[in-house]
Amino acid sequence: YVAAVYEHESILSPNPAALVDRQSALELMGRNLDIYEQQVVAAARQGAQIIVFPEDGIHGFNFTRSSIYPYLDFVLHSPSAKWNPCREMYLFNDTEVLQRLSCMALKNKIFLVANLGTKQPCEHTDPHCPSDGRYQFNTNVAFDDDGVLVATYRKHNLYFEYAFDTPPEPDYKFFDTPFAGKFGMFTCFDILFFEPAVNLIRQYNLKQVVYPTAWMNQLPLLSAVEFQQAFATAFNVNILAANIHHPTLGMTGSGIYTPVKSFIYHNMEGYGGKLIVAEIPVITTNYETNLGKPPGRVLEKGNEQLPPLFYAEMMYDNFTFVPVWGEKGELQVCASTLCCYLSYRRAVVTDELYALGVFDGLHTVHGTYYVQACALVKCGGLSFSSCGQEVTDATALIDFQLWGNMSTPYIFPLLLTSGITLDFADHMGWKNNHYFMSKNRTSLGLLTAALYGRWYEKD
């Protein structure tokens, strides 16, 4: 099927904390919706059957609970009601944004997924009801090609979004399409957690995902395109990921991903939005993971000199590292119960420092979640203390096999190359209670090769 995602440079309110009236809010959102409209037309012309827009793309961000209120649409959060906002405009008040989105889908005969702020009045008899008598949700909406609202999803894992409420229960939301079956739906930070993202995919055996996001890139392990691809690979799904474009805030990175191929956009230099349109196969069955040859023996060291252990901060976590020196070698590094192993050979020895790092613990900055990671990274400079820094360019082409005795089945294989481009492992999978990934010569200089494990039970 042909899919489209749009990375949008949203027109932002100059002062999001200011209180404005509904009319001014609609005016600002209308300017973003005008751009959406042009992109829907362009995508439909290229044969797209579905288009996805980013999180916060219509209203922007950095609001307070009261300042976002005029930007909120009312949406009926009921699974049974079939409502077409374009054709039934006057059913509810405050649905102007939904009406425009619905009309775009209808006029262009395309499935459309967008993110907006919504409100829902609640009774004080409801124990969860906020003191101002209303819920405010970060919401994804999906319209079919007739403009009918077919699914609404309220974001569960909020990322410092004080204007919004967390829904009392996680929403498991998907919608059906004639061209690719069911699409699951979640938002941004949700991708790092079991609820509802992983549970949704597993429970309903979903093979396609739409994913609006407003993601701030964090190298070396959590740049948007890197993790989006790893998620598609780990769960054997197609992901249509639309990010916002604000390079000054570190926000860029969208794509259409299959488990074995991707069409991505990552641009920290230029301004303006970007439409990606690609034809991808519908996933109906599980790919046979090509397990290839298993990793060799666990290292038995003679009395040759072992490289020194050192510690450095990476992604706000204290990783234990060993340097990756010379043309080839075999290394191991352990922390807590996790041991990581690397066997490597460089095509040409460059003067770049690489290191193999391990972390097995609770990550506590900007969210709390348990990580088990084995990571081969290029360091920022030549000193040990530079390992873990954000690096975007590299020249070393490396053959490697990386493996670890992970305690969780949820492993995201990351493989990032120079210029924030993606590469794909030759082989990966489980063998003898170890997860491994191998690559015969990266296509460009290696930035990161990592097994990023999420041990959800220990969150």
For segment 338-364, the count of residues that are of a type in the set (Val, Ile, Thr), surrounded by fewer than 17 Cβ atoms within 10 Å (Cβ to Cβ) and closer than 22 Å to THR442 by Cβ equals 3
Return a yes/no flag: does segment 317-325 have any residue that is modelled with pLDDT under 95 and of a type in the set (Ser, Thr, Tyr).
no
Quick one: ALA232 ticks every box in (1) assigned to a helix (DSSP H, G or I); (2) within 28 Å of ILE110 (Cβ to Cβ); (3) in contact (Cβ under 8 Å) with a residue 40 or more places away in the chain bar one, so which box is it?
(3)
Of the conditions (1) crowded, with 18+ Cβ neighbours inside 10 Å; (2) on the phi > 0 side of the Ramachandran plot, the single one that LEU192 does not satisfy is (2)
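Rundown of residues vs (1) among the aliphatic types (A, V, I, L, M); (2) touching a residue at least 24 places away in the same chain (Cβ under 8 Å); (3) at positive phi; (4) assigned to a helix (DSSP H, G or I), yes/no style:
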| site | (1), (2), (3), (4) |
| --- | --- |
| ALA355 | yes, yes, no, no |
| GLN372 | no, yes, no, no |
| GLY381 | no, yes, no, no |
| SER385 | no, yes, no, yes |
| ALA396 | yes, yes, no, no |
| LEU444 | yes, yes, no, no |
| LEU447 | yes, yes, no, no |
| LEU451 | yes, yes, no, no |
I want to confirm something. Restricting to segment 106-123 and keeping residues that are open to solvent by less than 30 Å² (accessible area, probe 1.4 Å) and in contact with a helix residue (DSSP H, G or I) (Cβ under 8 Å, 6 or more places away or on another chain), which single residue is farthest from GLU37 (Cα to Cα)?
LYS119
Restricting segment 296-316 to residues that are at pLDDT 95 or above and among the aliphatic types (A, V, I, L, M), the residue that is most open to solvent (accessible area, probe 1.4 Å)
LEU309
If you scan segment 413-441, which residues turn out to be at pLDDT 95 or above, touching a strand residue (DSSP E or B) at 6+ places or on another chain (Cβ under 8 Å) and either part of a loop (DSSP other than H, G, I, E, B) or not assigned by the TED database to the domain that holds ARG346 (or both)?
SER418, ILE420, ASP423, PHE424, ALA425, ASP426, ASN440
Please give the strands (runs of 3 or more DSSP E) falling wholly within segment 35-152 in which 3 or more residues are of a type in the set (Val, Ile, Thr).
50-52
Please go through segment 201-222 and give me each residue that is in a strand (DSSP E or B), open to solvent by 10 Å² or more (accessible area, probe 1.4 Å) and not aliphatic (A, V, I, L, M), ordered by number.
GLN218
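Of all residues being among the aliphatic types (A, V, I, L, M) and modelled with pLDDT of 95 or more in segment 261-295, which is farthest from TYR6 (Cα to Cα)? Just the residue, please.
Residues of segment 261-295 among the aliphatic types (A, V, I, L, M): 264, 268, 275-278, 280, 282-283, 291.
When the remaining residues are screened for being modelled with pLDDT of 95 or more, the result is 264, 268, 275-278, 280, 282.
Numbers: ILE264: 11, MET268: 16, LEU275: 5, ILE276: 6, VAL277: 9, ALA278: 12, ILE280: 16, VAL282: 20 Å.
The qualifying residue farthest from TYR6 (Cα to Cα) is VAL282.
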Residues of segment 166-200 satisfying the condition of being within 25 Å of VAL371 (Cα to Cα), among the aromatic types (Phe, Trp, Tyr) and outside any helix (DSSP H, G or I):
TYR172, PHE186, PHE193
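Scanning segment 57-100 for residues that are without any contact (Cβ under 8 Å) to a residue 12 or more places away in the chain and either open to solvent by 50 Å² or more (accessible area, probe 1.4 Å) or outside the structural domain of GLN120 (by the TED database) (or both), which turns out farthest from ALA18 (Cα to Cα)? Spell out how you get there, then give the answer.
Residues of segment 57-100 without any contact (Cβ under 8 Å) to a residue 12 or more places away in the chain: 78-81, 88-91.
Next cut, either open to solvent by 50 Å² or more (accessible area, probe 1.4 Å) or outside the structural domain of GLN120 (by the TED database) (or both) only: 79-80, 88-91.
Details: PRO79: 35, SER80: 37, GLU88: 32, MET89: 29, TYR90: 29, LEU91: 30 Å.
Result: SER80.
Look through segment 146-188, keep the residues that are among the small types (Gly, Ala, Ser) and in contact (Cβ under 8 Å) with a residue 60 or more places away in the chain, and return whichever of them is surrounded by the fewest Cβ atoms within 10 Å (Cβ to Cβ). Working first, answer last.
To start, the set of residues in segment 146-188 that are among the small types (Gly, Ala, Ser) comprises 147, 151, 163, 180-181, 184.
Subset that is in contact (Cβ under 8 Å) with a residue 60 or more places away in the chain: 147, 163, 180-181.
Working: GLY147: 26, ALA163: 21, ALA180: 20, GLY181: 16.
The extreme case among them is GLY181.
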Total residues in segment 424-459, condition open to solvent by 20 Å² or more (accessible area, probe 1.4 Å), polar (S, T, N, Q) and more than 26 Å from GLY361 (Cα to Cα)
2
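Tell me which residues, restricted to segment 124-145, are open to solvent by 50 Å² or more (accessible area, probe 1.4 Å) and out of contact with any Gly (no Cβ under 8 Å at 6 or more places or on another chain).
From segment 124-145, those open to solvent by 50 Å² or more (accessible area, probe 1.4 Å) are 124-125, 127-128, 131-132, 145; that's our starting set.
Of everything in segment 124-145, those that are open to solvent by 50 Å² or more (accessible area, probe 1.4 Å) and out of contact with any Gly (no Cβ under 8 Å at 6 or more places or on another chain) turn out to be THR125, PRO127, HIS128, SER131, ASP132, ASP145.
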Check whether at least one residue in segment 326-337 is closer than 30 Å to LEU158 by Cβ, surrounded by 21 or more Cβ atoms within 10 Å (Cβ to Cβ) and over 22 Å from the mean Cα position of the chain (by Cα), and report yes or no.
no
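The values are calculated or read from the model by the stated rules, or taken from the named source; none is laboratory data. These figures come from a predicted structure and were not determined experimentally. Reconstructed Cβ throughout: ideal geometry from the backbone, glycine too, with neighbour counts over all protein chains shown. What goes into the accessible areas is simple: the full protein's heavy atoms, side chains included, and nothing from ligands, DNA or RNA. Shrake-Rupley method; radii C 1.70, N 1.55, O 1.52, S 1.80 Å.
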